[in-house]
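The values are calculated or read from the model by the stated rules, or taken from the named source; none is laboratory data. Remember, it's a predicted structure, so these values are computed and weren't measured experimentally. In this analysis, Cβ positions are derived from the backbone assuming ideal geometry, glycine residues included, and neighbour counts consider all displayed protein chains.
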Amino acid sequence: MSTEPAAPARPPVREPAWPLSRTAIGYWVTEGVISSLFMGLGVGAFLLFVPAAEGTPLPLLRWLVPIAVAVYAIIAIGVRPWIRHRVHRWEVTDDAVYTVTGWLTRTWTLVPISRIQTVDVTRGLMQQMFGLSSVAVLTASSQGTVRVPHLETDVAQRVADDLAHRAEQVRDQAT
């Protein structure tokens, strides 16, 4: 029988339970529309101010660039928001904050409650229009920040208050 002390229990890495707010889909669609409009304006300026020259590859660009922007717009407005909503997840347990982000490159992040130093709630201009907020959980590590974007504002505030309270309790127990 071994007399070595047991290693502290670590929270398991797993898929978080909660999706982001469904309102985030409208937020991302709006972002896609805005970026597509700006790209469309750029293509319009290109087509208006750059003359078509015979015998050069420029006529091909006159068709490829607008097609590329149209494909981008279809993906940014019609596909990406729903995929992002499906894959971005978060959860707060008794032991840790879990997040999964990314729709092309997936990133799993776990921050133990005992490592939390600061909890921030932020609301960008567009988030305010959609009634959303983001929660940032910061640790001493430069790699330890976890962001849970696009939660309903009341949910984000409750999560931040709960995390700050639990992190304070853990610090008080450690002293």
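Here the condition is being assigned to a helix (DSSP H, G or I), over 29 Å from the mean Cα position of the chain (by Cα) and modelled with pLDDT of 90 or more; of ALA76, ALA70, ALA24, ALA45, it holds for ALA45 alone.
Scan the range 140-152 for residues that are of a type outside the set (A, V, I, L, M) and surrounded by 18 or more Cβ atoms within 10 Å (Cβ to Cβ) and the total you get is 2. A search for C-beta distances below 8 Å between a residue of the range 16-36 that is free of Cβ contacts under 8 Å to residues at least 40 places away in the same chain and any residue that is in a loop (DSSP other than H, G, I, E, B) and buried (at least 18 other Cβ atoms within 10 Å of the Cβ), counting only pairs 6+ apart in sequence or on different chains, returns nothing.
Quick check on my filter: what residues within the range 90-125 are surrounded by 15 or more Cβ atoms within 10 Å (Cβ to Cβ), touching a Phe, Trp or Tyr at 6+ places or on another chain (Cβ under 9 Å) and either among the hydrophobic types (A, V, I, L, M, F, W, C) or closer than 15 Å to GLU168 by Cα (or both)? Within the range 90-125, TRP90, VAL92, VAL97, VAL100, LEU110, VAL111 qualify.
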